[in-house]
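Scroll down for the structure; my scribbles are underneath it.
The values are calculated or read from the model by the stated rules, or taken from the named source; none is laboratory data. These numbers were taken from a predicted model, which means no experiment stands behind them. Here the Cβ positions follow ideal geometry from the backbone for every residue, glycine too, while neighbour counts run over all protein chains shown.
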Amino acid sequence: MAKSIEFLNFISLRGPSIWTYAPVLEAWVDIGELEDYPSNTIPGLYERLSTWLPGLIEHRCSYEERGGFLRRLAEGTWPGHIMEHVTLELLTLIGMSNGFGRARETPIRGVYKVVVTAWDEDVTKQALITARDLLMAAIEDRPFDLTAALAALAEIKDDRFLGPSTASIVEAAVARRIPFIRLSDSSLVQLGYGAARRMIWTAETGRTSAIAEGISRDKDLTKSLLQSCGVPVPEGELVESADAAWQAAQSIGLPVVVKPEDGNHGRGVFTHLLHEHEVRDAYVQALAEGSGVLVERHIPGIEHRVLVVGGRVAAAARGEETAVIGDGVHTIEVLIERQINSDPRRGTTENHPLNRACIDSAARMELARLGLTEQSIPAVGERILISRHGNVAHDCTAAVHPSVAAQCVLAARIVGLDIAGIDLVMPDISQPLQAVGGAIIEVNAGPGLLMHLRPASGEPAPVGQAIVDHLFPLGDEGRIPLVGITGSHLQAETACLVHHLLQLTGRTVGLASSHGLFVKSRLIAGGDQANRLAANRLLVNAGMDMAVVENAARVILGEGLAYDRCAVGIVTDIDVPQHLGAFHIDSPEKVFSIFRTQIDVVLPDGVGVLNADEPMIAEMAPLCDGAVIFCSQQPESAVIAAHRAAGGRALVWSASGITAYQGDVVWGVFVPIETLPAPMAVMAAIAAAWALGLNAELIRAGLTTWVSGRVCNALA
């Protein structure tokens, strides 16, 4: 019998959804005839999977114990569930652990939903496809090239994922509950929402000025500015010819350094030059790496990199010389491979803190001084210097002398950089700079963080956290007041009224709703804008002080929420039959899971606004991390009575008007106006405004001006 597993659909849920808070990819999978073949009926399946993927032993599954999934596999489970775990293990093997996974049946026989964490949709989709192929090979007892499959997955990950520097900043932001939005396929990331947002691009921020960055690229100008402020820098000058380079070297005094005026990554830098031919040769090669050439006094010592963030030293690393020891048998070229590049810390990827050593022009110059080439065979025990500088990847943060730290902070301030990599040369960073004859040689914008995150020796430094703390003082989570609203029938008019009331604060308020996308009272986009894309336009708008977002059930099921958390979450009403059918929703319990999503994301200091007259909605109260305001059209409601008895807030509609209670205290009374929306929508809007600090008088004014001021009529 032919067995197969087919993908029917992929749904990318990029925000909180019925599954979890994190982005996930939901795959609809048809296992066909395999529905009749659980894992325990397929000979050898357990052995093949556990051999190919030994890490599956760590999957706890429903038994909540190590080996739980393998136990399920032995007892009998279905391909959808197996695909979930295989996908998660594949992602773990390429460095993406701590994933979420679920596999659930649908009302259609043989069709399952397989849901896994999707920090990147392309990577996760390919992981699911690879998991299907691996599982089918295991079922059919065919070979499977796992190494090649993992390499292909890792290649997609490396191409799509944030680099380690940017990722460390984002991870630090997430740890502080600061939301983020990736704005491009590169490393441009927004931290926070709206007017509270901050921008990062690797180790540059929105506070990194173009002028400061330009100054840092001009090494001669940087040195001049530092010198004028008393910061120790090497004496030197900008030259325009090989003759001028030699003249400058003689004037400065040998040995000297020759380097590009605006180079980077150490390319074209020649140190400890002692002879005329060395200076002339170095000039030619340095010129090829930049637009000009600098000749500077050689500073004896070790190269160091000090990272300055927001006026403080966040980390420091030192370099080391690279050399080989002769054995009387092998060439220098071979010794480099055996003695240096064999170090597992060396490589060409971001996982390697040290670069591979090679014979470049600077190394050839060092060898030429000894009358050697890369093909020479040094005597036994002879030490051959390959590079004087580089490999700045050994943590020395704790050793930085306070005066050295102060000089580095001053250098960053002089250039104008909020984040700077200060390069200095000195024998011992634990001593004052001037006392050991050291000097600052460069100030760099957008410094690499990898040497601090994954040092070759020493402890990693929390540089991502330092950058986040610089951008967001403690207590600032980069959020604006955000109101999320969902329901079956009343969510649209509730959203419009909330938007109208909040505008009375005088702040810039945006609205993404089925009536359109608005900023203040200006229509930005017409038609149904109750979707993730429209909401995202509000969140990336730096002028947005507050936002109101309508979330239809189809958005929660098909896109996920646009935001991670909200200040106010509202559920107005639920019409269960209306939501049955689509997305395999086939029970009231599944309908409940749709709308609870809005309450699940309320912040701990936020408020959930719930319709107390619908039991399904009232049951969501315990799910809210924040406080709850109940709304009811039944003055004798038992839910309201119990809530008020506990000191909770509630709004009650009666013939005399809407009364807002804080426990037993009447907070405000509002007279209904015929032109207002449905009672529950009005109460929910008042509750949202109350939760966000509007007083009763201002809310009354908003209700009375609704007809002329409501945004939803702007299209008429």
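Brief remarks follow.
- Of the residues making up region 17-31, those that are modelled with pLDDT under 95 and either over 19 Å from LEU88 (Cα atoms) or part of a strand (DSSP E or B) (or both) number 0.
- For first residues located in region 537-553 and within 10 Å of ARG197 (Cβ to Cβ), partners that are aliphatic (A, V, I, L, M) and not in a strand (DSSP E or B) and lie 6+ apart or on another chain with Cβ distances below 6 Å form the pairs MET544/ALA195; MET544/LEU538.
- Of the strands (runs of 3 or more DSSP E) lying entirely inside region 285-335, those containing at least 1 residues that are surrounded by fewer than 16 Cβ atoms within 10 Å (Cβ to Cβ) are 312-318, 322-325.
- Selection count, region 2-60, where residues are out of contact with any strand residue (DSSP E or B) (no Cβ under 9 Å at 6 or more places or on another chain) and on the phi > 0 side of the Ramachandran plot: 1
- Candidate set: region 648-672, residues that are in a loop (DSSP other than H, G, I, E, B) and surrounded by fewer than 12 Cβ atoms within 10 Å (Cβ to Cβ); chosen: the one modelled with the highest pLDDT: ASP664
- Count of residues meeting criterion [buried (at least 16 other Cβ atoms within 10 Å of the Cβ) and over 17 Å from TYR112 (Cα atoms)] in region 20-45: 6
- Candidate set from region 321-359 (those that are over 19 Å from ILE302 (Cβ atoms) and polar (S, T, N, Q)); member that is farthest from the chain's Cα centre (by Cα): THR331
- Scanning region 54-102 for residues that are outside any helix (DSSP H, G or I), modelled with pLDDT under 95 and among the aromatic types (Phe, Trp, Tyr) yields one hit, PHE100.
- Here ALA137 does not fit the description of being buried (at least 19 other Cβ atoms within 10 Å of the Cβ), among the small types (Gly, Ala, Ser) and at pLDDT 95 or above.
- Of all the residues in region 336-354, those that are part of a loop (DSSP other than H, G, I, E, B) and either among the aromatic types (Phe, Trp, Tyr) or surrounded by fewer than 17 Cβ atoms within 10 Å (Cβ to Cβ) (or both) number 10.
- Residue match in region 608-625 (condition: in contact with a Pro (Cβ under 6 Å, 6 or more places away or on another chain) and at pLDDT 95 or above): yes
- Just one of the listed residues (ILE480, ILE485) is of a type outside the set (Asp, Glu), under 30 Å from SER593 (Cβ atoms) and in a strand (DSSP E or B), and it is ILE485.
- For region 402-450, the set of residues classified as assigned to a strand (DSSP E or B) and over 29 Å from TRP201 (Cβ atoms) consists of MET426, ALA439, listed by residue number.
- When restricted to residues that are at pLDDT below 95, over 22 Å from GLY311 (Cα atoms) and buried (at least 21 other Cβ atoms within 10 Å of the Cβ), region 188-229 contains 0.
- If only residues of region 586-612 that are aliphatic (A, V, I, L, M) and part of a helix (DSSP H, G or I) are counted, the one that is surrounded by the most Cβ atoms within 10 Å (Cβ to Cβ) is ILE599.
- Any pair with Cβ under 6 angstrom, 6 or more apart, that starts in region 97-118 at a residue that is surrounded by fewer than 22 Cβ atoms within 10 Å (Cβ to Cβ) and ends at one that is part of a loop (DSSP other than H, G, I, E, B) and of a type in the set (Ser, Thr, Tyr): PHE100/THR20
- Residue in region 76-90 that is within 29 Å of the chain's Cα centre (by Cα), over 26 Å from ILE585 (Cβ atoms) and free of Cβ contacts under 8 Å to residues at least 40 places away in the same chain present: yes
- SER17 falls short on exactly one of the conditions (1) surrounded by fewer than 18 Cβ atoms within 10 Å (Cβ to Cβ); (2) touching a residue at least 40 places away in the same chain (Cβ under 8 Å), and that condition is (1).
- Strands (runs of 3 or more DSSP E) fully within region 491-585 counting 3 or more residues that are in contact with a strand residue (DSSP E or B) (Cβ under 9 Å, 6 or more places away or on another chain) and closer than 28 Å to TRP19 by Cβ: 509-513, 546-550, 566-571
- The one condition in (1) farther than 22 Å from GLU550 by Cβ; (2) aromatic (Phe, Trp, Tyr); (3) not in a strand (DSSP E or B) that TRP690 fails to fulfil: (1)
- Flag if ALA379 is out of contact with any helix residue (DSSP H, G or I) (no Cβ under 8 Å at 6 or more places or on another chain), part of a loop (DSSP other than H, G, I, E, B) and more than 17 Å from ASP423 (Cβ to Cβ): yes
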